[in-house]
Amino acid sequence: MSDADAEILAEKRGRLGHITLNRPRAINALTHPMIKRLTQTLVEWASDDDVQTVVITGAGERGLCAGGDIVALYDAAKSQDIEAAAGFWADEYRLNAYIAGYPKPYVAIMDGVTLGGGVGISAHGSHRVVTERSTVGMPETGIGFIPDVGGSWLLSRAPGELGVYLALTAKPMSGADAIATGFADRFVPSDRLPALLEALEATPADEAIAAVATEPPTSDLVAQQGWIDEAFSADTVANVVKRLRDIATEESIAAAETVSIKSPIALSVAFESLRRARELETLEHALEQEFRVSLHALQHRDFAEGVRAQVIDKDRRPKWKPDRVEDLNKEDIDEFFEPVDDLTLGLVEQQQQRG
């Protein structure tokens, strides 16, 4: 395979190590080999004195990364190949944790589409750059899945109930919203990105970013926090929807309709996942929780059905089971947080050994 055909491009220029996700037709969605190659490159550069800063970008004009390889996970769900899915998620979630603790500045250029798995390889980095073209989000509940890749950790620490709103509606954020909710740090106009990449070759990351960054626009999401907090602080998904309808504004009614068409089990588990994540000590604990939740989600029919409706057949008419949140009980939800076949990432144990 030529360098041009490789799904991960890695180049050293000056003091910079530049990683490019290179699947532009798929908006650089992450395959399992890409995850392994990205991890390998970061490990090599961590001990390479020539590399002082790492930057990650996406090939093409559409975005950094649209997420993980959903079709591969759909195939695993259909065949109930737990081993294949566990291998994919284990490598991906360990990569997310590794990025969070990376020993060198890790600059993620979250220009354009940055969703799901794309958030996992960017929003845990030390320097997270967004632009006026950024679309950042955790869209998992739209396919009968639950926010992962450390998304529960990030969402649970957003101001007020904004994270719960984002998880249940699967709504994307603008660059300004991403900064306001803690998913990003600095706003750089897209026409200044070439200058930023050039500066990073010779200049420390903080200095290079400061030279091109501007104040972000006002966050539309934060401007709506009043009614969002009022509704999404309810104790169940059903009561969230009720409060949204009772508030009875155009925005709240639209949010109620958006939530109501999503998988009841995915909504309920996502809701509980964020509540539990608020009490967890570290990102590693959250990733371990997400690993268990993801493996259970793979075994529930709604995940395969959601991918079928949104990605495979594209009829946008999933048939959820059950089809009402009121038909779920606490045991249905709690089951998702139990271990599966003693599978674990080992991240918490590794963290304890280091600390």
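No value in this document is a laboratory result; all are computed from the given coordinates. From a predicted model like this one, the values you see are computed outputs, not experimental measurements. As a convention, Cβ positions derive from the backbone with ideal geometry for all residues, glycine included, and neighbour counts pool all protein chains shown.
Tell me, which residue of the range 299-310 that is of a type outside the set (S, T, N, Q) and more than 19 Å from residue 167 (Cβ to Cβ) is surrounded by the fewest Cβ atoms within 10 Å (Cβ to Cβ)? Checking each candidate, the answer is 301. Criterion applied to 92, 132, 61 was being in contact (Cβ under 8 Å) with a residue 12 or more places away in the chain, of a type in the set (Asp, Glu) and within 19 Å of residue 311 (Cβ to Cβ), and the one residue passing it is 92. The residue of the range 209-224 that is farthest from residue 50 (Cα to Cα), among those that are crowded, with 19+ Cβ neighbours inside 10 Å and touching a residue at least 60 places away in the same chain (Cβ under 8 Å), is 216. Of the residues making up the range 320-350, just one is surrounded by fewer than 11 Cβ atoms within 10 Å (Cβ to Cβ), among the charged types (D, E, K, R), without any contact (Cβ under 8 Å) to a residue 40 or more places away in the chain and not in a helix (DSSP H, G or I), namely 342. With the requirement that a residue be assigned to a helix (DSSP H, G or I), farther than 23 Å from residue 60 by Cβ and of a type in the set (Gly, Ala, Ser), what does the range 156-184 give you? If the condition is that a residue be assigned to a helix (DSSP H, G or I), farther than 23 Å from residue 60 by Cβ and of a type in the set (Gly, Ala, Ser), then 156, 163, 167, 176, 180 are the ones that fit.
Scan the range 98-155 for residues that are in a loop (DSSP other than H, G, I, E, B) and among the β-branched types (Val, Ile, Thr) and the total you get is 4.
Of everything in the range 195-208 that is in contact with a strand residue (DSSP E or B) (Cβ under 6 Å, 6 or more places away or on another chain) and crowded, with 18+ Cβ neighbours inside 10 Å, the residue that is nearest to residue 126 (Cα to Cα) is 205. Out of 84, 26, 77, one residue alone is surrounded by 23 or more Cβ atoms within 10 Å (Cβ to Cβ) and over 26 Å from residue 207 (Cβ atoms). It is 77. The set of residues in the range 42-62 being in contact with a Lys or Arg (Cβ under 8 Å, 6 or more places away or on another chain) and outside any loop (DSSP other than H, G, I, E, B) consists of 45, 46, 53, 54.
Here are 45, 89: which of them is among the aromatic types (Phe, Trp, Tyr) and either under 18 Å from the mean Cα position of the chain (by Cα) or under 30 Å from residue 219 (Cβ atoms) (or both)? Steps first, please.
Working: 45 fails: either under 18 Å from the mean Cα position of the chain (by Cα) or under 30 Å from residue 219 (Cβ atoms) (or both).
Among 45, 89, only 89 is among the aromatic types (Phe, Trp, Tyr) and either under 18 Å from the mean Cα position of the chain (by Cα) or under 30 Å from residue 219 (Cβ atoms) (or both).
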